[in-house]
Structures are given as C-alpha cells and as structure tokens.
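Here the structure comes first, spelled out in structure tokens, and everything after it is commentary.
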C-alpha cells in the first residue's frame with residue numbers, strides 16, 4: 001500500500017497534488033479544516049474544492065483535522081504508519097497582513113505545525129519524502145536592496161548586474177531584513193525542514209515559492225494575487241494597489257508546474273535541499289502588466305485605486321532563479337506561461 005499524505009488538501013497546491021498523485025499512489029489522505037475561510041472570509045473558503053476532491057478522486061480520503069493539535073495528527077500517522085511514502089505539507093497561513101493581526105495563530109500554523117509533521121514523519125515513516133511549500137518571503141525585504149531601475153510598467157534589475165539576470169537564487173541571505181510576521185514564521189519552518197534532512201538524514205525538501213497560482217485558487221484580497229485580480233476584472237470590483245507605483249514584479253508559477261517539480265523530487269529526493277521555485281523569466285509580471293492582460297482577456301476596463309503605503313516587507317522586484325532545481329532535475333520545464341495561466345483562471349471562474 002502506497003499512501004501520500006497532503007495537508008492543506010483543499011487549497012491551490014494541495015488539491016493539485018491530490019489529483020496528480022492519485023494516479024501514482026493507492027490512497028491519498030488529505031487534511032484540511034477550511035481554516036482559510038477563517039482567514040479570508042467566504043471568498044477564501046475551500047469547501048467547494050474539498051467537495052470536488054471527494055466526488056472526483058476515487059482514492060481520496062478527507063480528514064477534517066487541525067494540524068496545530070499534536071494528538072489528532074499522531075493518531076493519523078499511527079493509523080497509516082509505514083504505508084506513508086510521501087508527505088506534502090501545503091497547509092499554511094499565507095498572508096502578510098493577516099499574520100500581523102494574530103501572530104500567535106500564524107506561528108502555530110506555519111511553524112509549530114510543521115515541526116509536529118516533521119517529528120511524526122521521523123517516528124512513523126522516516127523514509128517518506130517530505131515536501132514543504134515554503135515561500136520567497138524567507139528572504140524578507142532583502143531583494144529590495146538589489147540594484148533596480150524603474151521602467152515604464154515595471155521595476156527591473158539593473159542590466160549591469162549580470163548575476164541577477166535570471167532572478168534571485170538560493171544564495172541570497174535571509175538575515176538582517178524585515179520579513180513580516182508571516183515571513184518569519186515560514187523561516188522557522190523552512191529551517192526546521194532543512195535541519196531534519198541534514199541532521200536526521202530524512203528526505204526533506206523546502207520549495208521557496210514565488211506567486212503560486214492557478215484555477216483552483218480561492219483568491220481573496222489578502223492572498224491570491226492573480227486569482228483575486230482576475231475576479232476583480234470580471235466583476236469590476238475595485239482593486240487596491242499598495243505602493244511602488246504598481247510596478248512591483250512577481251513571477252508566477254501554475255500549480256501544475258509546481259506539482260511536476262514535486263514529482264521530480266519525490267523520485268530522486270535530496271535530503272535537506274532548498275529550491276527557489278516560480279515562473280522565473282518564463283512567467284512574470286508587474287501589477288500594472290497583470291491588469292493590462294486581465295483587461296485584454298475580459299474585454300473590460302479594470303477599476304483600481306492606489307495607496308502609497310506598501311505592505312511591510314513586501315518585494316519591489318522578485319523573480320525566482322530556478323537554475324538550481326533545473327540542474328538537479330533537467331527533465332523539468334514550465335508548461336504554463338502567464339497568459340495561458342490567466343486564461344485558465346478566467347475560464348474556470350463562476351461569478352455569482
């Protein structure tokens with residue numbers, strides 16, 4: 001019996017992983033208690049996605065458990081024990097702004113629960129591959145100290161600095177920067193994931209994502225950049241741009257492309273490894289450029305307001321350099337460019 005255990009299975013990455021790995025494993029055990037609705041309200045609810053998994057994935061088992069509680073988690077691991085060959089930890093509190101409202105809740109979900117899962121994996125299924133969805137926010141605002149130039153619709157790296165032409169790699173320091181409360185809790189989890197690989201020899205990997213996106217995203221104002229932006233474009237709901245003239249740049253990776261990275265890592269894990277993952281130079285945009293593309297796709301004028309106050313610890317320019325991952329797994333490449341991803345989000349949305 002081969003079992004994959006996935007936390008946050010109702011979310012963007014968790015649900016994509018459940019569908020993909022259901023054809024490679026005997027059973028998918030998903031854990032999700034729809035905490036996202038508590039964070040972001042009705043728009044953030046993932047119940048629709050959980051119900052769809054139950055209906056369409058025959059070997060999916062759903063567990064409504066709180067990953068902050070050790071005893072219920074241990075019961076799950078004890079029940080499935082050595083049959084678990086893969087753990088994908090995709091559950092998280094994912095918002096800068098929300099974390100500042102409830103720092104203890106944020107840390108308990110992002111850091112403490114990750115430690116619980118690592119320790120339970122070590123005791124009950126130590127040979128399993130453990131994949132953690134980390135974040136580029138572990139670098140804090142350090143990327144803002146890079147040499148940037150302002151262009152018509154975006155900020156960009158100064159062309160005289162060759163090192164960063166393909167984006168930001170894993171050598172950028174995570175120290176002496178402002179991370180946001182969210183970023184700091186993810187740093188704690190990220191380091192622990194690495195340590196369980198390096199110290200205990202477990203098959204752990206931390207994937208530091210840029211903007212993760214796709215049609216399964218329950219986009220809300222505080223989280224889910226392209227999904228929420230497209231929702232605003234379709235409904236003509238007013239969108240707020242926070243600082244940097246709307247020229248801040250993000251790379252965007254479709255959830256299916258990220259899951260294909262997970263598949264590569266599962267087949268040949270490298271204990272304690274860390275990877276920057278995102279759309280890289282293949283798929284990236286500023287907010288202004290995303291708005292232009294949304295207007296093109298929807299054929300509607302986009303309504304937005306501008307606030308001079310940027311989010312604390314937010315990046316002005318962030319493009320992931322994925323060359324390290326590609327050097328370890330040369331068969332992997334992106335399939336979804338930015339327009340294809342946004343079209344898929346647009347075609348999947350049901351606006352009430």
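Quick note: the coordinates plus some simple rules give every number you see, no bench work behind them. Every value quoted in this text rests on a predicted model; they were computed, and no experiment measured them. Ideal geometry is used to build each Cβ from the backbone, glycine not excepted, and the neighbour counts take in all protein chains shown.
Pick out which of 152, 238, 79 has the largest mean-square fluctuation in a Gaussian network model of the chain, springs linking Cα atoms closer than 10 Å.
152
Report the convex hull volume per residue for the stretch 201-352, counting only C-alpha atoms, in Å³. Spell out each step's value before the answer.
Details: hull volume 17.7 nm³, N = 152.
Output value, Cα hull per residue: 117 Å³.
What is the packing order of peptides 197-205, 155-163, taking the mean over residues of other C-beta atoms within 10 Å and listing the highest first? Numbers along the way, then the final one.
Details: 197-205: 19.4, 155-163: 12.9.
Answer by packing, highest mean first, reads 197-205, 155-163.
Just want to confirm a number: the relative contact order over the stretch 5-151, from Cα pairs under 8 angstrom separated by 6+ residues, in percent. Show your work: numbers first, answer last.
On the way: 185 pairs, mean separation 35.6, N = 147.
Computed value for the stretch 5-151: 24 percent relative contact order.
Whole angstrom only: what separates the Cα centroid of the stretch 317-352 from the Cα centroid of the stretch 285-313?
19
Once the mean 1/r over all distinct Cα pairs of the stretch 129-211 is inverted, what Kirkwood radius in angstroms do you read off? Please report the intermediate quantities before stating the final value.
Values: mean 1/r = 0.0702 Å⁻¹.
The Cα-based Kirkwood calculation yields 14.3 Å.
How many nm is it between the label spots at residue 159 and residue 309, if each spot is 7 Å from the Cα in line with the beta carbon?
Distance between label points: 3.8 nm.
Which percent of the Cα-Cα distances in the chain go past 32 Å? Don't skip to the answer; put the middle values down first.
Details: 15824 of 61776 pairs.
The answer is 26 percent, as a whole percent.
Highest mean first, what order results for 54-67, 109-122 on Cβ atoms within 10 Å?
Numbers: 54-67: 15.1, 109-122: 21.1.
Per-residue Cβ counts within 10 Å, averaged per peptide and sorted highest first, yield 109-122, 54-67.
How do the peptides 313-323, 34-44, 256-266 rank, highest first, by the average count of neighbouring beta carbon atoms within 10 Å per residue?
Working: 313-323: 22.7, 34-44: 18.4, 256-266: 20.7.
Highest-to-lowest ranking by the protection proxy: 313-323, 256-266, 34-44.
Please work out how much length the chain gains when fully extended from residue 81 to residue 235, using 0.36 nm per residue of separation minus the C-alpha to C-alpha distance, in nm with one decimal.
Numbers: separation 154, 0.36 × 154 = 55.44 nm, distance 4.70 nm.
That works out to 50.7 nm of additional length.
Quick one: length gained pulling residue 301 to residue 123 fully straight, 0.36 nm per residue minus the C-alpha distance?
Details: separation 178, 0.36 × 178 = 64.08 nm, distance 5.52 nm.
Fully extending the segment from residue 301 to residue 123 adds 58.6 nm.
Size of the stretch 1-137 along its principal axes in angstrom, Cα-based, largest extent first?
Taking max minus min along each principal axis of the Cα atoms, the stretch 1-137 gives 43, 32, 28 Å.
What does DSSP give for the chain in terms of the percent of beta bridges that are antiparallel, rounded to the nearest 5?
Working: 7 of 47 bridges.
Among the beta bridges of the chain, antiparallel pairing accounts for roughly 15 percent.
Please state, to two decimals, what the Cα-based radius of gyration of the stretch 254-302 comes to when divided by 2.2 N^0.38 Å (N = residues).
Working: Rg = 16.2 Å, N = 49, 2.2 N^0.38 = 9.7 Å.
It is 1.68.
Could you give log10 I(q)/I(0) at q = 0.15, 0.24, 0.29, 0.34 Å⁻¹ for the stretch 1-44, computed by the Debye formula over C-alpha point scatterers of equal weight, without solvent?
-0.39, -0.75, -0.95, -1.14
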